[in-house]
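This report concerns only the one structure given below.
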Amino acid sequence: MAAATAWAENLAKLGLDLPGVAAPVAAYIPAVRTGNLVYTSGQLPVVDGQLTVTGKVGAEVSTEQAAEAARLCALNALAAVHDLVGLDNVVRIVKVVGFVASAPGYSDQPLVINGSSEFLGEVFGDAGVHARSAVGVSELPKNTPVEVELIAEVR
């Protein structure tokens, strides 16, 4: 297996296809490159233009549901990177920032964002291991429970 296609084979093993880029919900672009880094805008758990889950984690949304949503956010972030530079050019995932719309007293944000982190490891192996922040917030756009952005180093 060529290194350039490993990500595609890993996605296939997971039963996933890379989606099209999610349309921005405001005045921004999905990803931007500067030098050898690609920064994605915050990605929501959207499939075919629709949020897959809404509500606060620790209230209407379980930690497990939110972790699955974070996984989908990471997949959407990869779609944005792919659209801009192609995933074959990803050297490594440098950083993930995850925001979790948290019910009062909810403190398992790291477990939610593990959905993104573990997924990126499954797709890129060691190149998917990254620095990370998992932040609890009171509200996110469109009542989504999770939003994820990433920074990728590219060729």
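The values are calculated or read from the model by the stated rules, or taken from the named source; none is laboratory data. Keep in mind it's a predicted model, so treat the numbers as computed, not measured. As a convention, Cβ positions derive from the backbone with ideal geometry for all residues, glycine included, and neighbour counts pool all protein chains shown.
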Original post:
Of (1) surrounded by 21 or more Cβ atoms within 10 Å (Cβ to Cβ); (2) under 17 Å from W7 (Cα atoms), T144 satisfies all except one. Which?
Top reply: (2)
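Among L84, L37, L72, L44, which is crowded, with 16+ Cβ neighbours inside 10 Å and either over 18 Å from T144 (Cα atoms) or at pLDDT below 95 (or both)?
On the way: L37 fails: crowded, with 16+ Cβ neighbours inside 10 Å; L72 fails: either over 18 Å from T144 (Cα atoms) or at pLDDT below 95 (or both); L44 fails: either over 18 Å from T144 (Cα atoms) or at pLDDT below 95 (or both).
Being crowded, with 16+ Cβ neighbours inside 10 Å and either over 18 Å from T144 (Cα atoms) or at pLDDT below 95 (or both) holds for just one of L84, L37, L72, L44, which is L84.
Looking for something in contact with a strand residue (DSSP E or B) (Cβ under 6 Å, 6 or more places away or on another chain), farther than 18 Å from R132 by Cα and either without any contact (Cβ under 8 Å) to a residue 12 or more places away in the chain or outside any loop (DSSP other than H, G, I, E, B) (or both) - is there at least one such residue anywhere in the range 60-71?
Step one: list which residues in the range 60-71 are in contact with a strand residue (DSSP E or B) (Cβ under 6 Å, 6 or more places away or on another chain), which gives 66, 69-70.
When the remaining residues are screened for being farther than 18 Å from R132 by Cα, the result is none.
No, the conditions are met nowhere in the range 60-71.
Quick one: which residue in G125, G105, G121 is surrounded by fewer than 18 Cβ atoms within 10 Å (Cβ to Cβ), assigned to a loop (DSSP other than H, G, I, E, B) and either in contact with a strand residue (DSSP E or B) (Cβ under 6 Å, 6 or more places away or on another chain) or of a type outside the set (S, T, N, Q) (or both)?
G105
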Subject >> Every pair of residues 6+ apart whose Cβ atoms lie under 8 Å, when the first sits in the range 127-150 and is on the phi > 0 side of the Ramachandran plot while the second is among the β-branched types (V, I, T) >> reply: K142/V25; K142/T54; N143/T54
Original post:
Going through the range 35-54 one residue at a time, which ones are of a type outside the set (S, T, Y) and outside any loop (DSSP other than H, G, I, E, B)?
Top reply: L37, V38, Q43, V46, V47, Q50, L51
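Search the range 141-155 for residues being outside any strand (DSSP E or B) and under 15 Å from the mean Cα position of the chain (by Cα), and hand back the single one that is nearest to Y28 (Cα to Cα). Explain how you work it out, then say what you get.
At the first step, the residues of the range 141-155 found to be outside any strand (DSSP E or B) are 141-145, 155.
So of that shortlist, the ones also under 15 Å from the mean Cα position of the chain (by Cα) come out as 144-145.
On the way: T144: 18, P145: 21 Å.
By that ranking, first place goes to T144.
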Original post:
Does the range 50-67 include one or more residues that are within 19 Å of V154 (Cβ to Cβ) and surrounded by fewer than 17 Cβ atoms within 10 Å (Cβ to Cβ)?
Top reply: no
Subject >> Those residues of the range 108-118 which are outside any loop (DSSP other than H, G, I, E, B), touching a Ser or Thr at 6+ places or on another chain (Cβ under 9 Å) and surrounded by 17 or more Cβ atoms within 10 Å (Cβ to Cβ), in sequence order >> reply: Q109, V112, I113
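Only residues that are outside any loop (DSSP other than H, G, I, E, B) and surrounded by 15 or more Cβ atoms within 10 Å (Cβ to Cβ): list them for the range 9-34, please.
Selection gives N10, L11, A31.
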